[in-house]
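S.K.: Let me give you the structure first, and then I'll get to my questions.
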Amino acid sequence: MPSQSRRLERKKLLADPFTILVIILLVVLLTLFILYPLTMLMSDSVYSASSFNVYTVEQSADAVKELFSQASPRVREIGVGRHSVLQVPSSEGLTILKELGRSASFTYMGDLLQGDISGTIIAVPGGQPMLSPRSFSYIFSDYTFQRAFTNTLWLGFITGIAATLIGLLFAYVDVYVKVRSRVMKRLFSVVSMLPVVSPPFVLSLSMILLFGKGGLITRQLLGIYDSNVYGLGGIAIVQTMTFFPVCYLMLKGLLRNIDPSMEEAARDMGASRWHVFRTVTLPLMLPGIGNAFLVTFIESVADFANPMLIGGSYDTLATTIYLRITGGTYDTQGAAAMAVVLLSLTIVLFLIQKYYLETKTAATLSGKASRARMAIEDKSVTRPLTVFCAAISAFVILMYIAIPFGSLFKLWGRDYSLSFKWYEQLLRQDGLKAFKDSFILSAIASPITALMSMIISYLVVKKRFRGRGFIEFVSILAMAVPGTVLGVGYIRGFAGGVFRTGLLQGLYGTGALLVIVFVVRSLPVGTRSGISALRQIHPSIEESAYDLGAGSGKVFTSVTLPLIKESFFSGLVTTFVRSITAISAIILLVTPRYLLITTRINEFAEKGAYGIACAYATILIAIVYAAILLMNLFIKYFGTSKQVREANANVG
């Protein structure tokens, strides 16, 4: 029977040319804009399109320069280790003493220049491609990479553990503890959601304003003049406050699914609350806690904005890759090798999280609790937990309040009189263009992502065909790809056209490429949301439309999409929010033709112009929350009707 069912499904699919066309188009797009840039990134880490032939010649350096004084391009003298190398257009007219070998770039030429070398060293562009894993041996022996890699792992572990613990405590208080104050419970809920929807670097900016050398708390209130928030401590605090809500949302659902009768049976046998938590609750939650830790770890090691803004001399892999390209050396092959290392780390962790821990969590805690849980009212438990959560909440709210005030004070740390000077400066310095460009590009990306997510979700859940697993996996793969890595991949993949052929080279440096990056970055969230929504729709609803002669396109637009319009609109707004607050994936791709809010904030914050950076951030936060408010109003008044939900439930 199953094989017969599959044959019928395949026959129905082959009779539907529209669906086949959509599948082919999706495979092409996912391959071109997700797999291809990553493939080029990995190939560029070991492959160079051109190389240098390195020789020693009898002539002196001055004689070589004189010989090519009229040539184009001019002779360049470059220091490689303790040697000086002349880059010349050819070896014609020179007496070669020895051929030292070939090198992909000047960065790796040091391997050829070992020991004492007699004669003048020249490098002639060979024009020949070169395949060599030398970039990996170079970066693994490079102190900068070693330090950045170690720093990244340390930061990931610290942030992962801290965010998971705080998220667990918030979830435990929400599910298990009776918080008498309705205001306090509402406060916990709001605070746990604030960092999820805010720009990624807002808390870093607040940290500098409140606790830096000119900080309101450290300098004005405590009289500390040498406070230093830059480095591991500052990044860890900011990332913990940013990512603990993710852990809270994940663990809250797990705690609610634990059957209270198991814990109450242990309590009836005389076990203390701590003993019950340690021997019953915690073992059931361990896969979920591991899942939350890995998600936070991946987010932490992939984070670019916070380490860039508040990292100081504490380099991470994401910032080192960026600086390797923009810092003057322009070592693209070394940056590609570092990006491959970071990509390998995040993808391995992502596969463990998705295909092992997520599955194990679902198997351990399947179904729902059999009855309502009796909330803990013991003051010895409720008071310390409530005080701790209240302290964290107050800290987060203080961090967010600092941003609008930072945009209104004349000069933070010196003059706290109110003024609109920073908003006036924002308008004078192309602020309107930055908001217009960011808004338009994000608004274009949003419906494209929402529609693609729903189509992919529909094909994955409702259709059976070869390649279904490929489409699902690739569409959520971008979740594991750090933004900086994706940016480097697009540079290597499209700067010279597809496979260096010039095809689609015109895409590079345009707004269209930025829109594509926004779509790719937001596609996993929309796809997972759509899959979850579609699995709740009973198949017989759509089968009725098929029986009446409707095709796949008609069924999707007239039956399926209206039933999941809440998920569709949620994906629309989520994409808009993620796009307008994105920085790591686009900072290497944005050109002077486009001004984006996030890159402007980063630019002004790096210069120490915190007032105008806060003005940009304040308006950005207002835009984000306005978008979320509109989404909630839309879902409230135009979402799936009560009658449709009840009909769907009755069919099930």
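S.K.: What share of Cα pairs, in percent, lie more than 26 angstrom apart in region 200-336? Intermediate values should be presented prior to the final figure.
M.R.: Details: 4545 of 9316 pairs.
The answer is 49 percent, as a whole percent.
S.K.: May I ask which of Lys410/Lys436; Lys354/Lys607; Lys252/Lys463; Lys252/Lys565; Lys185/Lys433 have a Cα-Cα span longer than 29 Å here?
M.R.: On the way: Lys410/Lys436 26 Å; Lys354/Lys607 40 Å; Lys252/Lys463 32 Å; Lys252/Lys565 26 Å; Lys185/Lys433 41 Å.
Listed pairs above 29 Å: Lys354/Lys607; Lys252/Lys463; Lys185/Lys433.
S.K.: Hey, another quick one. For the Cα atoms of the chain, what angle does the longest principal axis make with the long axis of helix 468-477, in degrees from 0 to 90, nearest 10?
M.R.: Tilt relative to the chain: about 70 degrees.
S.K.: If you take the beta carbon distance between Ser84 and Leu131 as r and set R0 to 35 Å, what does 1/(1 + (r/R0)^6) give as a FRET efficiency, to the nearest 0.05?
M.R.: Working: r = 28 Å, r/R0 = 0.80.
FRET efficiency, Ser84 to Leu131: 0.80.
S.K.: Okay, next question. Round to a whole number: what % of the accessible area of the chain belongs to carbon and sulfur, probe 1.4 Å?
M.R.: Looking at the chain in its full context, I get 62 percent from C and S.
S.K.: Same structure again: If you stretched the chain out fully between Leu67 and Phe465, how much longer would it get, using 0.36 nm times the residue separation minus the C-alpha to C-alpha distance? Don't jump to the answer; show the numbers that get you there.
M.R.: Numbers: separation 398, 0.36 × 398 = 143.28 nm, distance 6.66 nm.
So the chain would gain 136.6 nm between Leu67 and Phe465.
S.K.: With a point put 7 Å past each Cα toward its Cβ, work out how far Lys554 is from Thr359 in nm, to one decimal.
M.R.: Label-label distance for Lys554 and Thr359, simple model: 4.0 nm.
S.K.: Here is a further query. Can you tell me the orientation of helix 610-638 relative to the chain, as the angle in degrees between its alpha-carbon axis and the longest Cα principal axis, to the nearest 10?
M.R.: Orientation of helix 610-638: about 40 degrees from the principal axis.
S.K.: Here is a follow-up. More than 45 Å apart: what percent of Cα pairs in the chain qualify? Don't skip to the end; give the middle numbers.
M.R.: Numbers: 63579 of 212226 pairs.
Across the chain, Cα pairs with separations above 45 Å total 30 percent.
S.K.: Show me the ranking of peptides 527-538, 75-86 by mean Cβ neighbours inside 10 Å, starting with the highest. Present the calculation step by step, with values, prior to reporting the outcome.
M.R.: Values: 527-538: 18.3, 75-86: 13.9.
In descending order of packing, they fall as 527-538, 75-86.
S.K.: Among Gly290, Val246, Leu232, whose Cα sits farthest toward the positive end of the charge dipole of region 176-303 (+1 at Cβ of Lys/Arg, -1 at Cβ of Asp/Glu, about the Cα centre)?
M.R.: Most positive-ward Cα: Val246.
S.K.: Please report, in debye to the nearest 20, how large the charge dipole of the chain is about its Cα centre when each Lys and Arg carries +1 at its beta carbon and each Asp and Glu carries -1 there.
M.R.: 2120
S.K.: How many angstrom lie between the C-alpha centres of region 31-97 and region 444-467?
M.R.: Region 31-97 and region 444-467 have Cα centres separated by 47 Å.
S.K.: If one takes the longest principal axis of the Cα atoms in the chain, at what angle in degrees, from 0 to 90 and to the nearest 10, does the Cα axis of helix 332-352 lie?
M.R.: 20
S.K.: How big, on average over all directions, is the shadow cast by the Cα convex hull of region 215-293, in nm²?
M.R.: Values: hull surface 32.2 nm².
With every direction weighted equally, the projected area is 8.0 nm².
S.K.: Heavy-atom accessible area per residue, region 362-518, 1.4 Å probe: how many Å²? All intermediate terms of the calculation are to be shown ahead of the outcome.
M.R.: Working: 7290 Å² over 157 residues.
Per residue, region 362-518 has an accessible area of 46 Å².
S.K.: Note the full-extension length gain between Leu221 and Phe388 as 0.36 nm times their separation in residues minus their Cα-Cα distance, in nm to one decimal.
M.R.: Working: separation 167, 0.36 × 167 = 60.12 nm, distance 2.28 nm.
That pair, Leu221 and Phe388, stretches by 57.8 nm at full extension.
S.K.: Highest first, please rank the peptides 49-60, 424-435 by the mean number of other Cβ atoms sitting within 10 Å of their residues. Before the final figure, lay out each step's value.
M.R.: Details: 49-60: 17.5, 424-435: 15.6.
Final packing ranking: 49-60, 424-435.
S.K.: Starting from the Cα of Lys421, step 7 Å along the direction of its Cβ; do the same at Thr144; then give the gap between the two resulting points in nm.
M.R.: 3.8
S.K.: Right, another one. Rank by packing, highest mean first: peptides 417-423, 214-220, with packing defined as the count of other Cβ atoms within 10 Å averaged across residues. Can you show the working numbers first?
M.R.: Values: 417-423: 14.6, 214-220: 17.7.
Ranking the peptides 417-423, 214-220 by packing returns 214-220, 417-423.
S.K.: If you don't mind, there's one more thing I want to ask. Extending each Cα 7 Å along its Cβ direction at Ser380 and Ser60, get the distance between those two points in nm, one decimal.
M.R.: 9.0
The values are calculated or read from the model by the stated rules, or taken from the named source; none is laboratory data. Keep in mind the model is a prediction, meaning the values are calculated, not measured. Heads up, the Cβs are rebuilt from the backbone with ideal geometry, glycines too, and the neighbour counts pull from every protein chain shown. Just the protein is used for accessible areas: all its heavy atoms, side chains included, with ligands, DNA and RNA removed. Shrake-Rupley method; radii C 1.70, N 1.55, O 1.52, S 1.80 Å.
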